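> First, the structure itself, so that you have it in front of you.
The values are calculated or read from the model by the stated rules, or taken from the named source; none is laboratory data. Here the structure is a predicted model, which is why all the values come from computation and not from measurement. Glycine gets a Cβ as well: all are built from the backbone with ideal geometry, and neighbour counts include every protein chain shown.
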Amino acid sequence: MNAKSARTLTVFLAAACLVLFCAVSGFAVRVVDRADDAGDPVNGISACTAAANDCTLRGAVAGSGPGDTIMFDPSLNGQTITVATAIHVSTNNLNFVGPGAGLLTIRNTANDYIFTFGVDLWAMSGLTLANSAGGIYWITSVSPNHAVLDSVVFDHIKQTAPLTSGLHAVYNSRGTMDIKFCVFSNDDNIDNQNFLENRGAAIQNDSTLNVINSLFVSNHSQFEAAALYNTGTATVADSQFENNAAFLDGGAIMNDGAGVLTVQRSEITGNTARDGGAIVDVSGTGKVTVRESFIGTNTATVGIGGAISGNQKLNLINDTFSGNTAATNGGAVDLEGSPAGNAYIRHVTMTANTANNGGGIFVGGAAVNIANSIVTGNTAPTNTNTTATGSNNIIGGNAGLGRLGSYGGTTSYPLTCGSPAINAGNNSLSFDDGGFAITTDQRTDGAFFFPSRNVGGTVDIGAFEADNAAVSNISDDASTAGSLRSAIASAGFGSSVCFDSAFFSTPQTILMSAGDMVINKSLTIGGPGSGLLTIDPGQSSRAFDVDPTGGYYVNISGMTLTDGLPGGLGGLLIARTGVVNLSNDVFSNTGTTNSYGGCIYNKSAAVNLTDSTVSSCIAGAGGGVANDKTMTTTRSLFTGNSSRQGGAVYNTSNLTVKDSTFTSNSATAPSGSGSAPEGGAIFNAFTGAITGSTFTGNTAQWGGAIYNAYYTSIQNSTFSNNGAIQTNNGDFSVDGGAIYAGGNYTGGAGGVIDITNLTVAGNHSAGRGGGVFLKQDTSTAYINTVNSIYALNTAASGAGPDVYGGMFSYGSNVIGNNNSQSYFPNSPVFTGNQNGTAANPIDPHLAPIANYGGPTQTFALLSNSTALNAGRTDYFLPTDQRGQVRPRESVGDIGAYERSVTVDQSSLHYANQGIAYSKQLSFTRQTSLAEGPSGAVQGPQAGTSWSIVPNAGEGLPPGITLSSSGLVSGTPTTQGTYTFTVKPTDSDGMSGVQRLSINVLSPTAAEVGLSGRVLTSLGSGMRGARVVLTLPDGSKRTAISNSFGYYSIDGIAAGTTLVISVEARAYRFSPQIVTLVDSLTDHDLIVSQ
């Protein structure tokens, strides 16, 4: 019989066994066709006959013989089999074959396991065991023995009442068990009466365990080891442990006593515990080995070992530790309890971990044997990286690590071009603790991908072995050595394409003629900089076609791409699948109205655009970018792009915009050519999230900046000078100078926008809704708003200059001109709203839009702004648009800006023409609630600078200047009142503003005064002291202090220099010389002796 015939017969027999009992090779197959449990203590054990609807799970188990198979009728698909007591399996070598874990669930209503096995051989596959106190308990005294769990899900396994011995999803007491392709999720053992038994909510292993390709996620333990508690021999390979939590130690895994634990090619991330956020290895004679694995973002919340707390023998080979945190010692690994010499570390990379002591490794009782490893870029007040020493390591400094990502195998950091780790290891130290040569780097999958550990003759330091390729010319010929095409082809999987620093020290251009450069592997292309490398396809092709075959991780940075494909999908770059990171790049001058995504098209990838510019790109939809999958843009600039829909970005899937600027983009079309152009900057047709971004000068017929047709959240962002303009298309309506909410998409609400802490000011519409427009004839469109400013916008029709169409108010909003009744009457919260009218509009007193700190421009709040300290007390974002912590006082500010720097002077009074003027400005830095008591202050810091904010109609008096140190000085030459806005900028780049004025009078027109208090050295007011002012001509002016020490002298000519002295019995005051340019208040005179 050939193989095909054998398979056909097997399928036929299996199908036949679904409707009757049969024997295959002498073993019976029983088919369960009932979901109830007739085998409870009341009804006894039911039969399992060939009759329809007459075989329960309990009956099938009871009636089976050794070697039989138990299957499930398709009529049970989608159902749950519920048993009343544990099903005890005493027949050897049973095989439970389910229809698939997603099709059939088994649960036990008793506070017990679902299955208990007292046999030496058994197997189970294709089922879900859920919502029960325990899953499977296996104990055997027969050897050899073997059990297999394949594709079984254990979900919400949790005790319902206290027991003296804890339950688990799986408890392997004495056998050899293989667990493969299984999922353990939401399993919990927090209700156990015996506290010490609360270990291993998912698995307790006291014997031999092999876990392969399995997932442990969101399991919990009141005591220790939420996922795996091991006292036997456990091997875990190609598995994931995510977001598990233990109340005490070992967020994911605990190895105890004589336990031997090996973790290979696995990822352990996001787990938490008091000690050992991922793994804890407690005292005993056991051993833990972790190799070719990624251990990241785990947390030791109270104590030691953000990732691993080691107390026995610990071996780390080819691993990456990143983003782990410990409250005390060892951000990645704590070894203070390990016996001397029992920590063996080879080819490990530890970076971006945090602790109080030993950001990478804390070494206490252990003598660490570490070689060929990187421990750098970690954070700790004491021992930033580690005190461990060894050979051929990089401890501290710049190791030249690339971007953390998936470059084959488990997550790793590649070595960038010029990394000091390349070929800097020691071949004689590249052995594991057993003396076997380490032949691959971290990324091996153990089956098909074996990246060599020694590419250049000498091993690299760290977990990653680079196989980079170099670009040294501008040829576009793949057969030319040193060309970019050649380098892309020859670079190793996951490695980098480097650029010769000497050749690319001056600007170079690669003129393409051979079609798209295809990237079909994980790769980093790190260009020399967007000003040094330009790639120009000359409108013949795209520059890059990324990941056409699937699943890769690609980084492209440091270059300018321009003049690409004039039509089609993505004129310069198409991202098909995988993860594509674009950083410090420029995309420009590409596309036509026939394009979809003028410069960039994301078909089905996760694209991250960071610190880049997209400019002058054209398309029919998505002038700069068309996104059909997942895209995040961070700190990027979109300018001068255009299309009919989404001048800069057209989104049909998931778009996130952070800290970015959209300026001078447009949605436009020839007059009378069709529908109204929508979304000058962004057209959103599915899900969008915008934070910390600024939109200025964008235009469209509908939605000058944003047209939202489905759902968008907008937070901490600024909209200014955007416009809805007439293009003579559609129904000729012109709506939404900044934001347009409309659309009616099937499958959910259309045009929904959640707005928090926005500033929408100075926008305009040639029709309705100068700031925001809601399409009222779309029943599914609505806007929710809180803590936001809509003011100083204009609408040519007069309808809704700030807001047209209605919003749901959640309180503390400012609408400058609420002539369209901008809130729905059934809004949840009206408290704190400020509503102006056409006759009495509200001016929120905003400083001109400018850089007041952070990556984007904002409107600062002037000292008389009605938005100051007026936000909702119970609802505020943690930071403002600039990243400054909110609130600075007991109540946060309305809008995108939270005032953090205040100028101490509110007025400069007057000066005299032709007379020298001088005034030193100062500011106060307010702390946040998170930084200290609300309203506490800090003085000016090093690096503080002062400047004038340009604003039409404002300026200093002629002859007066403002120095960078804040000194307003000079000799005014022209009389008049002069208003100007000053901006102090602190050392961290944060700024405040204050509008001040100086009235310059004629040379003799002004008189000023001097006032204050006479005080003792303890600060108490002194009564009856005589204050004497001696003028330049020798004449004197005097005043006597009152009961509280106050004095005041008026009528002094402005510009007078005089001597101040104090006469008081038994006290001495030092004389002072003062020039009074204007009135001086609060000038206190304090006893000097």
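> Does segment 411-425 contain at least one residue that is among the aromatic types (F, W, Y), in a loop (DSSP other than H, G, I, E, B) and within 30 Å of L582 (Cβ to Cβ)?
Yes, segment 411-425 contains at least one residue that is among the aromatic types (F, W, Y), in a loop (DSSP other than H, G, I, E, B) and within 30 Å of L582 (Cβ to Cβ).
> With respect to T524, determine if the residue is in contact with a strand residue (DSSP E or B) (Cβ under 7 Å, 6 or more places away or on another chain), over 27 Å from A421 (Cβ atoms), among the hydroxyl-bearing types (S, T, Y) and surrounded by 16 or more Cβ atoms within 10 Å (Cβ to Cβ).
Judged against the criteria, T524 is not a match.
> Scanning segment 1077-1089 for residues that are assigned to a strand (DSSP E or B) and in contact with a Leu (Cβ under 6 Å, 6 or more places away or on another chain), which turns out modelled with the lowest pLDDT?
Among those that are assigned to a strand (DSSP E or B) and in contact with a Leu (Cβ under 6 Å, 6 or more places away or on another chain), it is L1080.
Residue-wise test of (1) under 26 Å from P451 (Cβ atoms); (2) not hydroxyl-bearing (S, T, Y).
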{"residue": "V260", "(1), (2)": "no, yes"}
{"residue": "T272", "(1), (2)": "no, no"}
{"residue": "G276", "(1), (2)": "no, yes"}
{"residue": "G286", "(1), (2)": "no, yes"}
{"residue": "F294", "(1), (2)": "yes, yes"}
{"residue": "Q312", "(1), (2)": "no, yes"}
{"residue": "I317", "(1), (2)": "yes, yes"}
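> If a residue counts only when it is in contact with a Phe, Trp or Tyr (Cβ under 9 Å, 6 or more places away or on another chain), which strands (runs of 3 or more DSSP E) contained entirely in segment 1031-1076 have at least 1 such residues?
Strands (runs of 3 or more DSSP E) meeting the threshold: 1036-1040, 1056-1063.
> Do you know which residues across segment 850-863 are under 23 Å from N721 (Cβ atoms) and either among the hydroxyl-bearing types (S, T, Y) or assigned to a loop (DSSP other than H, G, I, E, B) (or both)?
Passing the criteria: N851, Y852, G853, G854, P855, T856, Q857, T858, F859, A860, L862.
> What residue, of S812, S765, is more than 33 Å from the chain's Cα centre (by Cα) and either more than 25 Å from P677 (Cβ to Cβ) or of a type in the set (G, A, S) (or both)?
Step by step, each of S812, S765 is checked, and only S765 is more than 33 Å from the chain's Cα centre (by Cα) and either more than 25 Å from P677 (Cβ to Cβ) or of a type in the set (G, A, S) (or both).
> Here's a follow-up. Restricting to segment 672-694, count the residues that are over 17 Å from Q645 (Cβ atoms) and surrounded by fewer than 24 Cβ atoms within 10 Å (Cβ to Cβ).
The total comes to 3.
> Could I ask something else about it? Looking for whichever is under 26 Å from I948 (Cα atoms) and assigned by TED's automatic domain parsing to the domain that holds T961 here; the options are I894, I915. Which one fits?
Sole residue among the options that is under 26 Å from I948 (Cα atoms) and assigned by TED's automatic domain parsing to the domain that holds T961: I915.
> What do you reckon, is S643 of a type in the set (S, T, Y), touching a Cys at 6+ places or on another chain (Cβ under 9 Å), within 19 Å of G697 (Cα to Cα) and in contact (Cβ under 8 Å) with a residue 40 or more places away in the chain?
It is true that S643 is of a type in the set (S, T, Y), touching a Cys at 6+ places or on another chain (Cβ under 9 Å), within 19 Å of G697 (Cα to Cα) and in contact (Cβ under 8 Å) with a residue 40 or more places away in the chain.
> Going by the structure shown, is Y707 surrounded by fewer than 22 Cβ atoms within 10 Å (Cβ to Cβ) and either without any contact (Cβ under 8 Å) to a residue 12 or more places away in the chain or within 14 Å of I753 (Cα to Cα) (or both)?
No: the conditions fail for Y707.
> Find all pairs meeting these conditions: Cβ atoms under 6 angstrom apart; at least six residues apart or on different chains; first residue within segment 58-84 and within 24 Å of D112 (Cα to Cα); second residue hydroxyl-bearing (S, T, Y).
From segment 58-84, the pairs are G59/S46; S64/T91; T80/T105; A84/T109.
> Still on this structure: Please go through segment 426-447 and give me each residue that is farther than 22 Å from I295 by Cα and outside any strand (DSSP E or B), ordered by number.
N426, N427, S428, L429, G434, G435, F436
> Looking at the structure I just gave you, is G697 over 20 Å from T858 (Cβ atoms) and either surrounded by fewer than 24 Cβ atoms within 10 Å (Cβ to Cβ) or without any contact (Cβ under 8 Å) to a residue 40 or more places away in the chain (or both)?
For G697, the condition - over 20 Å from T858 (Cβ atoms) and either surrounded by fewer than 24 Cβ atoms within 10 Å (Cβ to Cβ) or without any contact (Cβ under 8 Å) to a residue 40 or more places away in the chain (or both) - is not met.
> Against the conditions (1) under 27 Å from D880 (Cβ atoms); (2) in contact (Cβ under 8 Å) with a residue 40 or more places away in the chain; (3) not aromatic (F, W, Y), where does P828 fall short? Just the number, please.
(2)
> Which condition does N473 not pass, out of (1) surrounded by fewer than 20 Cβ atoms within 10 Å (Cβ to Cβ); (2) out of contact with any Ser or Thr (no Cβ under 7 Å at 6 or more places or on another chain); (3) part of a loop (DSSP other than H, G, I, E, B), if it passes all the others?
Single failed check for N473: (2).
Rundown of residues vs (1) among the polar types (S, T, N, Q); (2) farther than 24 Å from V217 by Cβ, yes/no style:
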| residue | (1), (2) |
| --- | --- |
| V280 | no, no |
| G284 | no, yes |
| S293 | yes, no |
| S309 | yes, no |
| Q312 | yes, yes |
| S322 | yes, no |
| D334 | no, yes |
| G359 | no, yes |
| I374 | no, yes |
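> Is it the case, given these coordinates, that A478 is in a loop (DSSP other than H, G, I, E, B) and surrounded by fewer than 17 Cβ atoms within 10 Å (Cβ to Cβ)?
yes
> Having 2 or more residues that are over 29 Å from the mean Cα position of the chain (by Cα) and more than 23 Å from T632 (Cα to Cα) is the bar; report the strands (runs of 3 or more DSSP E) wholly within segment 650-753 that clear it.
Strands (runs of 3 or more DSSP E) meeting the threshold: none at all.
> From the set of residues in segment 1043-1089 that are of a type in the set (D, E, K, R) and closer than 22 Å to S906 by Cβ, which is nearest to the chain's Cα centre (by Cα)?
Here the residue is D1082.
> Being touching a residue at least 40 places away in the same chain (Cβ under 8 Å), at negative phi and either aliphatic (A, V, I, L, M) or not in a loop (DSSP other than H, G, I, E, B) (or both) is true for just one of N581, N608. Which residue is that?
Among N581, N608, only N581 is touching a residue at least 40 places away in the same chain (Cβ under 8 Å), at negative phi and either aliphatic (A, V, I, L, M) or not in a loop (DSSP other than H, G, I, E, B) (or both).
> While we're looking at this one, here's another question. Among the candidates G397, G377, single out the residue that is part of a loop (DSSP other than H, G, I, E, B), surrounded by fewer than 23 Cβ atoms within 10 Å (Cβ to Cβ) and in contact with a Leu (Cβ under 8 Å, 6 or more places away or on another chain).
G377
> When you scan segment 997-1009, do you find a residue that is within 30 Å of R899 (Cβ to Cβ), assigned to a loop (DSSP other than H, G, I, E, B) and under 59 Å from the mean Cα position of the chain (by Cα), even just one?
Checked segment 997-1009: no residue is within 30 Å of R899 (Cβ to Cβ), assigned to a loop (DSSP other than H, G, I, E, B) and under 59 Å from the mean Cα position of the chain (by Cα).
> Also, I was wondering about something else. On the basis of being at positive phi and either touching a Lys or Arg at 6+ places or on another chain (Cβ under 8 Å) or free of Cβ contacts under 8 Å to residues at least 60 places away in the same chain (or both), does G1034 make the cut?
yes
> If you don't mind, there's one more thing I want to ask. Restricting to segment 838-896, and then to whatever is modelled with pLDDT of 95 or more and of a type in the set (D, E), can you tell me which residue is surrounded by the most Cβ atoms within 10 Å (Cβ to Cβ)?
Top of the filtered list is D880.
> Further question on the same structure: So, of the residues in segment 653-675 that are modelled with pLDDT of 95 or more and not hydroxyl-bearing (S, T, Y), which turns out to be nearest to S733 (Cα to Cα)?
A667
> Still on this structure, I have one more. Of the residues F450, F493, which is within 26 Å of S406 (Cα to Cα), in a loop (DSSP other than H, G, I, E, B) and not assigned by TED's automatic domain parsing to the domain that holds A575?
Testing whether each residue is within 26 Å of S406 (Cα to Cα), in a loop (DSSP other than H, G, I, E, B) and not assigned by TED's automatic domain parsing to the domain that holds A575 leaves just F450.
> Which of (1) more than 30 Å from V885 (Cβ to Cβ); (2) buried (at least 16 other Cβ atoms within 10 Å of the Cβ) is the odd one out, the single condition Q994 does not satisfy?
Looking at each condition in turn, Q994 falls short on (1).
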